[in-house]
1. Between residue 289 and residue 41, how high is the FRET efficiency from 1/(1 + (r/R0)^6) when r is the Cβ-Cβ distance and R₀ = 41 Å? Nearest 0.05.
2. Efficiency by 1/(1 + (r/R0)^6): what FRET value for residue 327 and residue 307, r their Cβ-Cβ distance, R0 = 41 Å, to the nearest 0.05?
3. Of all DSSP beta bridges located in segment 239-326, what percent are antiparallel, nearest 5?
4. Just subtract the alpha-carbon distance of residue 188 and residue 66 from 0.36 nm times their residue separation and send over the number in nm, one decimal.
5. For segment 168-232, just say rounded, prolate or oblate: build the C-alpha gyration tensor, square-root its eigenvalues into a ≥ b ≥ c, call rounded for a/c under 1.5, and beyond that prolate if a/b exceeds b/c, oblate if not.
6. Give the shape of segment 239-326 as rounded, prolate or oblate, defined through the alpha-carbon gyration tensor: a ≥ b ≥ c are the square roots of its eigenvalues, a/c under 1.5 means rounded, and otherwise the shape is prolate if a/b is larger than b/c and oblate if not.
7. Give me the extension gain from residue 18 to residue 48: residue separation times 0.36 nm, minus the current Cα-Cα distance, reported in nm with one decimal.
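Derivation of every value follows stated rules applied to the coordinates shown; laboratory data play no part. Source: prediction; values computed, not measured. Cβ sites come from the backbone with ideal geometry, for glycine too, and all protein chains shown count toward neighbours.
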């Protein structure tokens, strides 16, 4: 049900979202603010308690499609059309409900007389002044026909206020490093050069919304958004697994057999030392904490996959040593052959 105080309350500003915000954005903003201003977290704080109530009221209206439609219509009338502000006869605060209806129905001139109206003839009948939904219907904003007449046509419509500019789409390609660390790029959209900041950690194929970077409004409203699709070039050394970076580390047969401490490159250019335990098989993954993709909650890890490199060019001594190891090959597979016959 529409309320007269909707004229003065900007629920979008209360939640900190744009008028074009979708349901997910509204829900996210509400949860954040409700948690921040909850009375349990702010005992004895009257301002926080009022803020908590305002946030709840804003969410209740904007999360309901029908109420949000009515609210947007009311705010549109407030910004650009008829104003129904509280004010006495001849006051400076603008025309009140009585003054509007007085001028429309010839019920009073410019003097100090106040005219009372009943709601006979208006949808929903009863005593007192017509409610806000009746007024909206009269001005072509509500669901009913003006003046309660079925099929009454367009009625009196309030002029449209400033509208948000159109959303635009664009594509860009980033290097692997720029995608991980974040970057600033120059784009061309709708014939205009736009500077856009790409957040750290963007993924290949990800679509991000850049607020206020879209088309200009033709009615003096805020700019639209730019929906940017990002392509990420592959890196010759590093890969990505979620918020983790990956790398393949070649080690010799001797290092894998006897164990070793090996230097591993990182994306930020500061190598780290990892310990390869004796007897490490090819394919084992070693984890280096905090050297992956930076995120708001911290950074991912660097996953080092050990690859044992088989030598191809051997000296006579090396070949003799390998041949000595080869004598144990049959015993290594003896258990496998035995179990295969079960």
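1. Calculated transfer efficiency: 0.80.
2. 0.95
3. Among the beta bridges of segment 239-326, antiparallel pairing accounts for roughly 65 percent.
4. So the extension gain works out to 40.1 nm.
5. prolate
6. prolate
7. Working: separation 30, 0.36 × 30 = 10.80 nm, distance 2.26 nm.
That pair, residue 18 and residue 48, stretches by 8.5 nm at full extension.
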